[in-house]
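Below is one structure, written out as structure tokens; comments come after it.
Just so you know, all these numbers are worked out from the coordinates, no wet-lab data involved. From a predicted model like this one, the values you see are computed outputs, not experimental measurements. Note that we place each Cβ from the backbone using ideal geometry, even for glycine, and neighbour counts take in every protein chain shown.
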Amino acid sequence: MEQRTLIHPDRGNNSQASQASIVGLGTWQLGADWGEVSETDALAVLEASVEAGVTFFDTADVYGDGRSEQLIGRFLKDHPGITVATKMGRRVEQTPENYTLDNFRAWNDRSPRNLGVDTLDLVQLHCPPSATIDDDRTYDALDTMVAEGRVAAYGVSVETVAQALSAIARPHVASVQIILNAFRLKPFEEVVPAAAAAGVGIIARVPLASGLLSGKYDRSTRFAENDHRTYNRHGEAFDVGETFSGVDYETGLAAAGEFTDLVRELGPAGATPAQVAIAWLTQQPGVTTVIPGARNVEQARANAAAGTLPPLSEELTAGITRIYDTHLRASIHPRW
Ligand SMILES: NC(=O)c1ccc[n+]([C@@H]2O[C@H](COP(=O)([O-])OP(=O)(O)OC[C@H]3O[C@@H](n4cnc5c(N)ncnc54)[C@H](OP(=O)(O)O)[C@@H]3O)[C@@H](O)[C@H]2O)c1
């Protein structure tokens, strides 16, 4: 699978891993915070992904309170050469006052142990408040973390376009992670071009709109009680944009139905809607890596294979824009 530079040399300590496969792996599911995934299954997902060419994992200190990182750490012992991005900041109340150098050091102390590394490849602030993203002191503290050898590079995971643009303007931010998918097109207007011009990597998260873009759900689908697709539909626990990409479920089903029809009509033979949703993102200029979450080996293999699909047509892109404009633009565009 194609590899791209995620961490540009002037935005990190380039002795560390800096490449990412165009399809990476999101490992929130492997923390088993939502829905059960056994350790054996989680390790099998990592194995299947790497066998299929994935060289980039995205995790966080809070996924399963460290479980996701620990599983990746076990896996890395026998599989060197993977670039791992983790996150910090979600173990405390979300106030700008908490984003200090002392807290960064403390929050970040577990991750090297969990991952079994001396220096972390990439640490992302985990959707901090806007005031933190706009504050010079945040970046001074992160620069100190790099100087101390704790992290080789840092990035910011964000919710909004404005936050992304603020982070991209900082000289040492290596990457921005943002929700980007066929139901979330706004970052293509300014964020993705600005990142490309600045040499900032774009990590496209929630590429399947939490699975909606696979086309497999309907009105009768029930998610587990502990699945955010049950308990965060209206943003009860965290930003509603993280659940189905912020798309109201009924609207999402209609849009996903049209996306499935579009893929049947214009997608490569044999490719599923989920694969086309991922492949389409990898083929947009300026997107560095796309990180679908996979709950099992079949999903992991299928998602990685999307990284080798042939170029998709302009008609398909036009169809995606049409679906977005018809069903989603009015509710999604002004908000994020
Ligand atoms: N704030 C942040 O920084 C933040 C927030 C959210 C996510 N993330 C990162 O982004 C990653 C991806 O986001 P996500 O997992 O929430 O959303 P996603 O990748 O859009 O959707 C994942 C879901 O899609 C379904 N799926 C995956 N592969 C499939 C396939 N091949 N065919 C059919 N269905 C498939 C599965 O649903 P079922 O479970 O129904 O099978 C899976 O749980 C996370 O793992 C995490 O690393 C970061």
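Taking θ = phi - 60°, what integer Hz values does the Karplus form 6.51 cos²θ - 1.76 cosθ + 1.60 yield along region 61-69, in sequence order, with x for Gly and Pro?
4, 8, 5, x, 6, x, 4, 4, 4
Given a cut-off of under 8 Å on Cα pairs at least six residues apart, what relative contact order in percent is computed for region 3-332?
21
With just the Cα atoms of region 167-262, tell me how far they stretch along each of the three principal axes, in Å, largest first.
That gives 48, 33, 15 Å along the principal axes, largest extent first.
Before rounding to the nearest 500, sum -39500 (n - 2.57) across all DSSP H runs of length at least 4 in the chain and divide by the residue total; then give [θ] at 222 nm in deg cm²/dmol.
Estimated from H runs of four or more residues: -10500 deg cm²/dmol.
Evaluate the Kirkwood expression for the hydrodynamic radius of region 3-332, namely the inverse of the mean inverse distance over all pairs of different C-alpha atoms, and round to one decimal in Å.
It works out to 19.7 Å.
Can you tell which of 95, 263, 158 lies farthest toward the positive end of the dipole of region 3-332, using +1 and -1 charges on the Cβ of basic and acidic side chains (Lys, Arg; Asp, Glu)?
Projecting each Cα onto the dipole axis, the largest value belongs to 263.
By how many nm would the segment from residue 261 to residue 105 lengthen if fully extended, with 0.36 nm per residue of separation less the alpha-carbon distance?
Full-extension gain reported as 51.2 nm.
To the nearest 0.05, what FRET efficiency results for residue 318 and residue 196 with a Förster distance of 22 Å applied to their C-beta separation?
With a Förster radius of 22 Å, E is 0.50.
Taking only the Cα atoms of region 277-332, how large is their convex hull per residue, in Å³?
Values: hull volume 6.1 nm³, N = 56.
Taking only Cα atoms, region 277-332 has a hull volume of 110 Å³ per residue.
State to the nearest 20 debye the size of the charge dipole of region 196-311 about its Cα centre, where the only charges are +1 on K and R beta carbons and -1 on D and E beta carbons.
Result for region 196-311 is approximately 320 debye, rounded to the nearest 20.
If we sort 278-290, 254-266 on the protection proxy, mean other Cβ atoms within 10 Å, highest first, what's the order?
Details: 278-290: 22.6, 254-266: 18.5.
Peptide ranking by packing, descending: 278-290, 254-266.
By how many degrees, between 0 and 90 and to the nearest 10, does the Cα long axis of helix 249-266 differ from the longest principal axis of the chain?
Value to nearest ten degrees: 70.
Can you list residues from other chains, or at least 5 along the same chain, whose modelled amide H is less than 5 Å from the amide H of residue 27?
Hits under the 5 Å cutoff: 58.
If you place +1 on the Cβ of every Lys and Arg, -1 on the Cβ of every Asp and Glu, and leave all else neutral, what size is the dipole of region 132-176 about its Cα centre, to the nearest 20 Debye?
It comes to approximately 140 debye.
So what J values fall out for region 122-127 if you push phi through Karplus, 6.51 cos²θ - 1.76 cosθ + 1.60 with θ = phi - 60°, rounded to Hz, Gly and Pro as x?
7, 10, 10, 5, 9, 6
Using alpha carbon centroids, what distance separates region 1-78 and region 188-267, in Å?
About 20 Å separates the Cα centre of region 1-78 from the one of region 188-267.
Suppose R0 equals 25 Å; then what is the FRET efficiency for residue 226 and residue 91 from their Cβ-Cβ distance, rounded to the nearest 0.05? Walk me through the numbers before you get to the answer.
Numbers: r = 19 Å, r/R0 = 0.76.
Step by step, r from the Cβ atoms, then E = 0.85.
Provide the packing ranking of 314-325, 40-51, i.e. peptides ordered by the mean count of other C-beta atoms within 10 Å per residue, highest first.
Values: 314-325: 16.1, 40-51: 18.7.
The packing order, highest mean first, is 40-51, 314-325.
So which residue, out of 149, 89, 26, gets the largest mean-square fluctuation from a GNM of the chain using Cα contacts under 10 Å as springs?
Result: 149 has the largest fluctuation of those listed.
Quick one: if the Förster radius is 25 Å, what FRET efficiency do residue 43 and residue 4 give, using the C-beta to C-beta distance and rounding to 0.05?
0.45
Provide the per-residue ³J(HN,Hα) series for region 54-60, in order, calculated from phi with Karplus coefficients 6.51, -1.76, 1.60 and θ = phi - 60°, each as a whole number of Hz, with x at glycine and proline positions.
6, 10, 9, 10, 10, 9, 7
Compute the length gained on full extension between residue 131 and residue 329: take 0.36 nm times their separation in residues and subtract their Cα-Cα distance, giving the result in nm to one decimal.
Value of the extension gain: 68.6 nm.
Place a +1 charge on the Cβ of each Lys and Arg in the chain and a -1 charge on the Cβ of each Asp and Glu, then give the dipole magnitude about the Cα centre in debye, rounded to the nearest 20.
The dipole of the chain has a size of about 260 debye.
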